[in-house]
Amino acid sequence: MQSITSSRGFFGCTRSSLIRATLILGTMAFARAQEPPSSPTMAAHAGAPTSLRDLAQEAEQKNPQIAASFHGWQASRNVPKEVSAFPETQVSVQQFSVGSPRPFAGYSNSDFAYIGFGVSQDIPYPGKRQLRAHVAEREADSMEAQTDSVRRMVIGNLKMVYFHLAYIQQTLSVLLKSDELLNQVQQAAEGRYRVGQGNQQDVLKTQLQHTKILQEIAHHHQEEGLLEAQIKQLLGRPQESQDLITETLTSRTLPYTATDLLQRAREQNPDVRSKQASIRQQDTQVELAHKNFRPDFNVGYTYEHTGSQARDYYMATFGIRLPNRGRQKAELAEAQQKQEQARGEFDSESQRVLSEVQQQYVRAKTSEERLKIYTDGLVPQSEATFRSAMSAYQSNRQDFETLLSSFLDVLNLDLEYRSELVEHESALAELERLTGVDVP
């Protein structure tokens, strides 16, 4: 999920930021003029919120991608028994006639006519079956790690969409507060205009802010609807099902150091574990290729029943199947090259995962510092500046442009804080996916 970019200006902020602003402030503006019975946005979000933990459990149980990967892994667990079993036993029936092509001709007057019953069995060289089973077991181990990777990927995507949806939904309180501040600005401008201390342009500018926000109303339904559709897909729910309400986002603290997270990634990352299993599989495949230079065997036994005037025949056979050394040399060379390929892929995947862990760690820690700046400095400072500007404007000691600018600072910084919170939680979610840790 692409991260949300922090806005640096009210009308230069991301569309996601303005989407919720559009619905709430636009609806409130019309509500003051038309006095509808209720706000459609508030009605749409009425109900109990659903926790991310509950949704993650539902996705693990019902997501079709996770289910398909799980069944693929379960299927691979049966392969070792399949490849290590003895080849199929061959049973044969023979009828040998003498003097005529008719069945049983000469059976009563010839010592050569008979009916035979035989059985034969191919026997691989000792150790081959066990090595084939080990190759299949390593493949099953890799499939298990891939299943875990799919599960983490689905849960990670769910978290990203959930955080984004929470940002869209929870800017409601921010924009309701901003709408109240905008009302105060508008009332102050109208009051000064009525007593002749202000001008009509100031009143029109406050109305213009409402009008600009109304431009984004249509985009809100698209953004929120797309996110709802993505979550329902990840949960395996029908698209016609009820929309979700998210919980309030709160900032979590990362209790792990970069060294801890890198070590966890080396040990627990499913993509790395899958590549490790592939190396072990190819190592065993090379050993099997060497073993395939050894011959296989065949044993058989046949009982032949003749006529009453002759004695029955009994025949035992033993055969050796010599391997084609040219073909086996090519098989060995292929196995050795795939062994090197697996090692290279493991090194590449390890470097990719460790690099991503380090990047997400830096992203989370930096975001944590920025959140503290917002909560301890920028947001309260902007609110204090607005209150001071409002008081000065009402006392005819401040111009309207400064007041409007301080109002926009309050709104922008609050929205930027919410956006930064999503960035922070998204980074933690990525670290959880990459390392397997659970950030409380």
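The values are calculated or read from the model by the stated rules, or taken from the named source; none is laboratory data. All figures in this text were calculated on a predicted structure; none of them were measured in a lab. For neighbour counting, all protein chains shown are included, and Cβ atoms are generated from backbone atoms with ideal geometry for every residue, glycine included. Just the protein is used for accessible areas: all its heavy atoms, side chains included, with ligands, DNA and RNA removed. Shrake-Rupley method; radii C 1.70, N 1.55, O 1.52, S 1.80 Å.
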What net charge do the residues around residue 313 carry, taking every other residue with its C-beta under 15 Å from that of residue 313, with Lys and Arg at +1 and Asp and Glu at -1?
-2
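On average over all directions, what projected area in square nanometres does the chain have, based on the convex hull of its Cα atoms?
Working: hull surface 137.2 nm².
The directionally averaged projection comes out at 34.3 nm².
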Can you give the relative contact order of the chain as a percent, counting alpha carbon pairs under 8 Å and 6+ residues apart?
26
Residues with amide H under 5 Å of residue 116's amide H, sequence separation 5 or more or different chain, H placed in the peptide plane at 1.01 Å from N; which?
94, 95, 96, 305
Amide H of residue 123 versus every other amide H placed in the peptide plane: which residues, excluding those fewer than 5 positions away on the same chain, fall under 5 Å?
297, 298, 299
Which of the lysines could a cross-linker span from residue 291 if the Cα-Cα distance has to be under 25 Å and same-chain partners fewer than 8 positions apart are dropped?
81, 128, 275, 329, 338
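Quantify, in whole percent, the carbon and sulfur part of the accessible surface of the chain (1.4 Å probe; protein heavy atoms only). Please report the intermediate quantities before stating the final value.
Values: 11920 of 23270 Å².
Result for the chain: 51 percent of the exposed heavy-atom area is carbon or sulfur.
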Taking Lys and Arg as +1 and Asp and Glu as -1, residues besides residue 117 with C-beta under 14 Å from its C-beta add up to -2
Probe 1.4 Å, heavy atoms of protein chains only: per residue, the accessible area of the chain in Å² is 53
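Find the all-direction average of the projected area of the Cα convex hull for the stretch 237-300, expressing the result in square nanometres with one decimal place. Before the final figure, lay out each step's value.
Details: hull surface 49.5 nm².
About 12.4 nm², averaged over all directions.
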Check which residues have an amide H placed less than 5 Å from residue 244's amide H, if you skip close sequence neighbours.
none
Options 307, 293, 259, ranked by Cα towards positive dipole end of the stretch 220-313, top entry (Cβ charges)
293
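In whole angstrom, how long is each semi-axis of the equivalent ellipsoid of the stretch 98-184, when you take the square root of 5 times every eigenvalue of its Cα gyration tensor and sort them from largest down?
Numbers: eigenvalues 1403, 83, 6 Å².
Equivalent-ellipsoid dimensions as semi-axes: 84, 20, 5 Å.
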Those lysines that a straight Cα-Cα span of less than 22 Å connects to residue 372, excepting residues fewer than 8 apart in one chain:
177
Show me, for the stretch 177-190, the HN-Hα J-couplings you get by feeding each phi into the Karplus relation (A = 6.51, B = -1.76, C = 1.60, θ = phi - 60°), rounded to Hz, glycine and proline as x.
5, 5, 5, 5, 5, 5, 4, 5, 5, 5, 5, 5, 5, 5
Per residue of the stretch 384-400, what does 6.51 cos²θ - 1.76 cosθ + 1.60 with θ = phi - 60° give for ³J(HN,Hα)? Whole Hz please, x for Gly and Pro, Karplus curve as stated.
5, 5, 5, 4, 5, 5, 4, 5, 5, 5, 5, 8, 6, 10, 9, 7, 5
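How big is the C-alpha Rg of the stretch 79-235 next to the rule-of-thumb value 2.2 N^0.38 Å, as a ratio?
On the way: Rg = 42.4 Å, N = 157, 2.2 N^0.38 = 15.0 Å.
Compared with the compact-globule rule of thumb, the stretch 79-235 sits at 2.82.
Quick one: net charge of residue 293's neighbours, Cβ under 10 Å, K/R +1, D/E -1?
Details: positive: 291, 294, 325, 329; negative: 331.
For residues surrounding residue 293, the net value is +3.
When Rg is the radius of gyration of the Cα atoms in the stretch 55-99 and Rh is its Kirkwood radius, what does Rg/Rh come to?
Result: Rg/Rh = 1.56.
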